[in-house]
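The values are calculated or read from the model by the stated rules, or taken from the named source; none is laboratory data. A quick note: this is a predicted structure, and the numbers were derived from the prediction, not measured. Note: ideal-geometry Cβ built from the backbone for every residue, glycine included; neighbour counts use all protein chains shown.
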Amino acid sequence: MTKALFIGGTGIISSACSRLAVEKGVELYHLNRGETSRPIPAEVVHLKGDVRDRASYAAALGDHSFDVVVQWVGYTPDHIAQDIEVLRGRTGQYIFISSASAYQTPPASLPVTESTVLDNPVWEYSQHKIACEERLIRAYREEKFPVTIVRPSHTYDATLFPTHGGYTVLHRMRQGKPVVVHGDGTSLWTLTHHEDFAVGLVGLFANPRAIGDTFHITSDEWLSWNQIYNFIAQAAGVEAKLVNVPSELIAAFDSAWGDSLLGDKAHSMIFDNAKIRRLVPEFNPKIPFAVGARQIIAWYDADPARQVVDEAFDALNDQIIEAYRQAWP
């Protein structure tokens, strides 16, 4: 039986991976502070600790060793350096969850493969992920630290709107208000359901061919952003009123939103998944976003407490649309 540790383990992606790992007979442990709103399989063993506190981290691990450790919450090279020190000699495989946003932005060619250069000149989040990968590759080369790097793209579950602004976008649609869509809405994007992603990730566990290598795990469905917004509207039974606004104008109003666009979502990103399929033949994404959108709407409609409108974001949409219409009447 494979013994695995998830550092984190209760997030959007990791929750699906936890369920599938347990279903496949993995002896699964979570190391986190025990704060989550998502259900965790009863079979998971919880090691309570704060991974940002070296003493708490080490105490939670005790004398455990693992066949696989998956780092879900590593965002800076300091996080990775600590893992290397603490886990050295205690795991047969260390899987780092990086990000497909680390790839060259905008990409020089499509589809993106794992050999596409890493270069994101805009988004700090992605730059940190690149630095984490570089630290791990050095550890592999210098001491054969058993790293596998995995790059998810935009992965979602029923609780996550893939659009910036979350539930507020649906609220505006249902109020008959227009919603901002970056660019002309025709750039292609890849949305991956977390259950599909889980098949690829769990299939890499304790696979010696994955050591020292890198994989992205994404859907094969490519959608324009106009299609994504329209699928949400269709699932909600309303008509979307889309206003296409240059990403640069959005960035002028909201730098964080702008960084996530200019450093990622404003550019077409489609992926070649041949590499993950070679090692995990059962990886075959089955959940299109048309289905995922219905799951999202159903989740939010099931509980009024989930229907939280961000008044600031709501007003921001109005401001951006007004500025755009004044500039381009």
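So which residues in the range 205-262 are closer than 27 Å to TYR125 by Cβ and of a type in the set (D, E, K, R)?
The answer is ASP213, ASP220, GLU221, GLU248, ASP254, ASP259.
Which residues, counting only those in the range 264-275, are in contact with a helix residue (DSSP H, G or I) (Cβ under 6 Å, 6 or more places away or on another chain) and under 12 Å from ALA100 (Cβ atoms)? Walk me through how you get there before you give the answer.
Residues of the range 264-275 that are in contact with a helix residue (DSSP H, G or I) (Cβ under 6 Å, 6 or more places away or on another chain), as a first pass: 264, 266.
Answer for the range 264-275, where residues must be in contact with a helix residue (DSSP H, G or I) (Cβ under 6 Å, 6 or more places away or on another chain) and under 12 Å from ALA100 (Cβ atoms): just ASP264.
Please find, among PHE215, PHE197, the residue that is part of a strand (DSSP E or B), buried (at least 21 other Cβ atoms within 10 Å of the Cβ), at pLDDT 95 or above and under 17 Å from the mean Cα position of the chain (by Cα).
None of the other options fit; the residue is PHE215.
So how many residues does the range 273-311 have that are surrounded by 11 or more Cβ atoms within 10 Å (Cβ to Cβ), part of a helix (DSSP H, G or I) and not hydroxyl-bearing (Ser, Thr, Tyr)?
Qualifying residue count, the range 273-311: 18.
Kindly indicate which of ARG38, ARG141, ARG52 is modelled with pLDDT of 95 or more and surrounded by fewer than 19 Cβ atoms within 10 Å (Cβ to Cβ). So that I can check it myself, show each step before the final result.
Values: ARG38 fails: modelled with pLDDT of 95 or more; ARG52 fails: modelled with pLDDT of 95 or more.
After ruling out the rest, the residue left standing is ARG141.
Any chance the range 103-110 includes a residue that's free of Cβ contacts under 8 Å to residues at least 12 places away in the same chain, in the same structural domain as ASN207 (by TED's automatic domain parsing) and at negative phi?
Looking through the range 103-110, at least one residue is free of Cβ contacts under 8 Å to residues at least 12 places away in the same chain, in the same structural domain as ASN207 (by TED's automatic domain parsing) and at negative phi.
Just checking, which of ILE137, ILE130, ILE80 is without any contact (Cβ under 8 Å) to a residue 24 or more places away in the chain, over 21 Å from LYS3 (Cβ atoms) and of a type in the set (A, V, I, L, M, F, W, C)?
ILE137
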